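Presented below is the structure to which this report refers.
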Amino acid sequence: MGMMRVTRAYKDELDLNDRQVTACKRHAGAARYAYNWGLARKQEAYKATGTSPSAIDLHRELNALKKTELPWMYEVSKCAPQEALRHLDNAFAHFFRRCKQKQEGKLNGKLGYPRRKTKKNGLGSFRLTGSIVVFPDAIQLPRLGRLRLKERGYLPTSGTPSVKVLCATVSEQAGHWYVSIQVEQEQTVPVNTGPVVGVDLGVKSLATLSDGTVIPNPKPLKRRLRKIKRLHRAVTRKPKGSNNRKKAARAVGKAYRTASNQRANILHQVTTMLAKTKSVIVIEDLNVAGMLKNHHLAQAIADVGFTEFRRQLLYKAEWYGSRVMLASRWEPSSKTCSGCAWYNADLALADRTFRCEQCGHILDRDLNAAINLSQLAKLAGSSSESQNAGGEESAGGG
Ligand SMILES: [Zn+2]
């Protein structure tokens, strides 16, 4: 049992009165203004000089403008525009990182050049740092004061020793306001003594575990895509600026929110279960960019959220004291017999069952892959890891 400092994020819905909604809108507006202004300034400067001002330069410039042209900005916390400019810097860093990945052939998706933020995509968000106090039923933010929380006692309160609130982000989604806080806290790290498990992330089902458990695919987006499309068409049929159009737009936002919440929920359930109950979790380090080239898989992979799954699993494993092993994607986990290691070079993506011609083993394709993955942990474990050796008896069962 060790101690470590971890950074965690918590999110709760806010219960705001009209005055507070107005103040939050004003902050989101200031953040959006600063972001768009900074983006234009960077583009201008780049065209003229080939270099681009940093967030710090821009913040200094914006402060000077506040005195002359933007007096309304004094009504909001100075953090809101400052953090927006920092966010803009990160957006450019992200873009340049993706440019580099694309050059190296590791990326097929969009590069994501930072775009202007418009009100069309909701009122947006803003981030605050500084004096943030969390009570059981409320959060106190700079300039905004004490805001009520919908779910009592979910956020870690400021009185708790060894809890440090780093920053808070307030955001609007389909008429609801949320706050998420980044918290640094001390945490005891248990040594997880559960079994070793191999996890095959699939297309047909979300995941198959080497113990035979199958976790079905939620595919909420795919199922709801038609509904969202229909709602979207309804928006465009209504006259611009009408109340009915606004109502229809809210319905679209709500449908998106439900779909993404559903997906997030199932991923969180699965990754928490794995990190809590298994000592070692072996997953394949898939080449997602390569898989996305395949049109049949693209939608399904995006839906399953493989990268999100891995991200959650990695941080949760740290909390619960389990280990995640990434098996090289060159390990032939799906084409090798988990019983005798016979290699089936002819196995196609459409073959759902693995049939071994050497030992006669017949089992589900994904289960075979999951068992192979769990066996990789045994191989690695026997040489380097002794700490979890006691908990490996059920590896490869099924
Ligand atoms: Zn075999």
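Could you work out how far helix 18-49 tilts from the main Cα principal axis of the chain, as a 0 to 90 degree angle to the nearest 10? Once rounded, one gets 80 degrees.
On a 0 to 90° scale, report how tilted helix 79-103 is relative to the longest principal axis of the chain, with both axes built from alpha carbons and the result rounded to the nearest 10. With rounding to tens, the tilt is 40 degrees. Within the same chain, lysines fewer than 8 places from K278 are excluded, and of the rest, those with a Cα less than 27 Å from its Cα are K11, K204, K219, K316, K335, K378. Cβ screening of the chain for cysteine pairs under 4.7 Å finds these without a partner: C24, C79, C99, C167. When +1 charges are put on Lys and Arg Cβ atoms and -1 charges on Asp and Glu Cβ atoms, the dipole computed for the chain relative to its Cα centre reaches about 3020 debye.
Taking the Cα centre of region 54-103 as origin and assigning +1 to Lys and Arg Cβ atoms and -1 to Asp and Glu Cβ atoms, the resulting dipole is close to 360 debye. Take each peptide in 227-239, 81-93, count the other Cβ atoms within 10 Å of every residue, and average; sorted highest first, the result is 81-93, 227-239. Note on the chain: with neighbouring protein chains present and a 1.4 Å probe, carbon and sulfur make up 51 percent of its accessible heavy-atom surface. Here's the picture: charge each Lys and Arg Cβ at +1 and each Asp and Glu Cβ at -1 in region 104-198, and of I132, Q185, V170 the one pushed furthest to the positive end of that dipole is V170.
Summed over the residues of the chain and divided among them, the accessible surface reaches 56 Å² per residue at a probe radius of 1.4 Å.
Using the Cα centre as the reference, give the magnitude of the dipole from point charges on the C-beta atoms of region 147-279 (Lys, Arg: +1; Asp, Glu: -1; all else neutral), rounded to the nearest 20 debye.
Numbers: 26 positive and 6 negative charges, 357 e Å.
It works out to roughly 1720 debye.
For G198, the amide hydrogen comes within under 5 Å of the amide hydrogens of S210, D211, V282, S374, G396, counting only partners 5 or more places away or on other chains and with H modelled in the peptide plane.
Taking a straight Cα-Cα cut-off under 15 Å and skipping sequence neighbours fewer than 8 places away in the same chain, the aspartates and glutamates within cross-link reach of K25 are D15, E75, E172.
The values are calculated or read from the model by the stated rules, or taken from the named source; none is laboratory data. It should be emphasised that the depicted structure is a prediction, and the values quoted were computed from it without experimental measurement. Positions of Cβ are generated from backbone atoms using ideal geometry, with glycine treated the same way; all protein chains shown enter the neighbour counts. Accessible surface areas use protein heavy atoms only, side chains included; no ligands, DNA or RNA. Shrake-Rupley method; radii C 1.70, N 1.55, O 1.52, S 1.80 Å.
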